[in-house]
Amino acid sequence: MNTFLIHFAIAAYAVTWAIGKLNWFDDSAAMTILVFLVAFTFLWLSSILYDRNYFRKIPKVLGLFFFFLKELIMANLKIAYDIITPRYFMNPSIIALPLKASTDLEISLLANMLTLTPGSLSVDVSEDRKELYVHLLYADDEKVESIKKELKDGFEKRILAITR
Amino acid sequence: MDIDLEFVKEIISSAFILAGVFFMLVASIGLLRLPDFYTRMSAITKGATLGMGMIVIGIGVYFNDTEIMLKILAILFFTLITSPVAAHAITRTAIYKKVPLWKKTDLKEFQNYLQKRELDKDEVEDQLQKNSKRL
Amino acid sequence: MNIFDTTLLIAFFVLGVCLLLAAIRFAMGPSLLDRITAFDLIVANVIGIIVIYSKLTRDFELIDVALILSLFGFLGSISFTYYMLRRNN
């Protein structure tokens, strides 16, 4: 985390330097993002020398981000289809998702991501923090177990790989 | 070959804005049509977040200016952080206030929690009253 | 009038319709919580409208307004739910 903050600051400083001192480019957003990404990539590659852990984690964070975007768009298309067509295909249910995540950060990340993705809405955490109650839109009785497994493999596994 | 960059930019931006407006419209129709509070809630959070995000990104692509890009990234960051938290708070309040669920909802695994809530209710209310007196 | 301005006008119109639909739910919502949800959607809608309006009028300072609104809309719904939890029946 510290390494990330330092790298972020250095890359941001490189961008302002390139704009102000060198007059490399005009003030367009595309060039700014490009310069920032190039600087950040070089810093990330250099971290293999002093912070192996950080070097391994950045690709996982990117993977989680793109997985999240994909799920967000898929969920929206599914719900949009259901809202526009006159019949309801939904079969809502509230399930108890057993949690492997234990710290506050992990649980809140998982709950927030579940709220934004596949037809699910996190309701509450049980008192002993072992279960997360999730309101699902598409949960047929026989499919509940496979949906639980999907959620655990999809989000929880990726989040735990980053935080631990 | 000569590609008009302005034109390409406008096309990308229009595509983003139209997609965003579509998701926003679907969310609004869903808000009116869906049968109960919880299904509405879970359709709205996703639809509004994605729709608004896409509109804002589209405008950002069109302006292509560093200062505006930073502001737009800040808007995206704040919505992505705050909208699920708000949804979570509202849903929990709804469960606590016993807003009725749709009749087709399957509550098998939730029974446990509801019973506990029932037992704890007096306790929670005592606590709330104490807090409000203290403030 | 090029393609982009036409797109923006269409978007403006459709967002207005969305605002109207949310307002209907706001007026008839059976519980206070339904109204809070509708309010949430209205805030998201208004942010979109402001951003598009800032392009149409070339008044870039309006984007700051959208930025502030994205923070304060959240505070509004949170404080409403807090009030509901605290209120005695």
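The values are calculated or read from the model by the stated rules, or taken from the named source; none is laboratory data. What you are looking at is a predicted structure, and each value in this text was computed from that prediction instead of being measured. In this analysis, Cβ positions are derived from the backbone assuming ideal geometry, glycine residues included, and neighbour counts consider all displayed protein chains. All accessible areas refer to the heavy atoms of the entire protein, side chains included, with ligands and DNA or RNA removed. Shrake-Rupley method; radii C 1.70, N 1.55, O 1.52, S 1.80 Å.
Figures for the structure shown
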| read-out | value |
| --- | --- |
| Those chymotrypsin sites (Phe, Trp or Tyr not before Pro) in the stretch A:80-125 that DSSP places in a loop and that have at most 11 other beta carbons within 10 Å | A:Phe89 |
| Relative counts (whole %) of C-alpha pair distances in chain C, using bins that are 10 Å wide | 16, 38, 30, 13, 4, 1 |
| Where C meets B: accessible area buried, both sides, 1.4 Å probe, Å² | 4300 |
| At q = 0.15, 0.20 Å⁻¹, base-10 log of I(q)/I(0) for the stretch A:19-118 (Debye sum, equal scatterers on each alpha carbon) | -0.92, -1.13 |
| Loop-resident sites, the stretch A:122-158, for GluC sites (Glu not before Pro), counting at most 16 other Cβ within 10 Å (DSSP) | A:Glu127 |
| Axial C-alpha extent at least 30 Å, average Kyte-Doolittle at least 0.0 - helices from chain A (DSSP) | A:52-84 |
| Within chain C, helix-based [θ] at 222 nm, where runs of 4 or more DSSP H residues each add -39,500 (n - 2.57), nearest 500 | -31000 deg cm²/dmol |
| Nearest-ten-degree value, helix C:32-57 long axis tilted from longest Cα axis of chain C | 20 |
| Angle between chain C longest axis and helix C:3-28 axis [Cα atoms, degrees, rounded to 10] | 20 |
| Chain C - accessible surface per residue (Å², probe 1.4 Å) | 50 |
| Accessible-area order (highest first, 1.4 angstrom probe) of the listed residues B:Met69, C:Met28 | C:Met28, B:Met69 |
| Length-normalised contact order of the stretch B:5-100 in % [C-alpha pairs under 8 Å, at least 6 apart] | 34 |
| Whole-number D in µm²/s for the protein assembly as shown (Stokes-Einstein; Kirkwood sum over Cα pairs; 4 °C, 1.567 mPa s) | 57 |
| DSSP-assigned coil residues among trypsin sites (Lys or Arg not before Pro) in chain C, each with at most 12 further Cβ atoms within 10 Å | C:Arg58, C:Arg87 |
| Total charge dipole magnitude, the protein assembly as shown, about the Cα centre, Cβ charges on Lys, Arg, Asp, Glu only, Debye to nearest 20 | 1000 |
| Compactness of the stretch B:5-100 as Cα Rg over 2.2 N^0.38 Å, two decimals | 1.30 |
| Relative contact order (percent, whole number), chain A, Cα cutoff 8 Å, 6+ residue spacing | 20 |
| Residue-normalised accessible area of the stretch A:55-163, given per residue in Å² at a 1.4 Å probe | 49 |
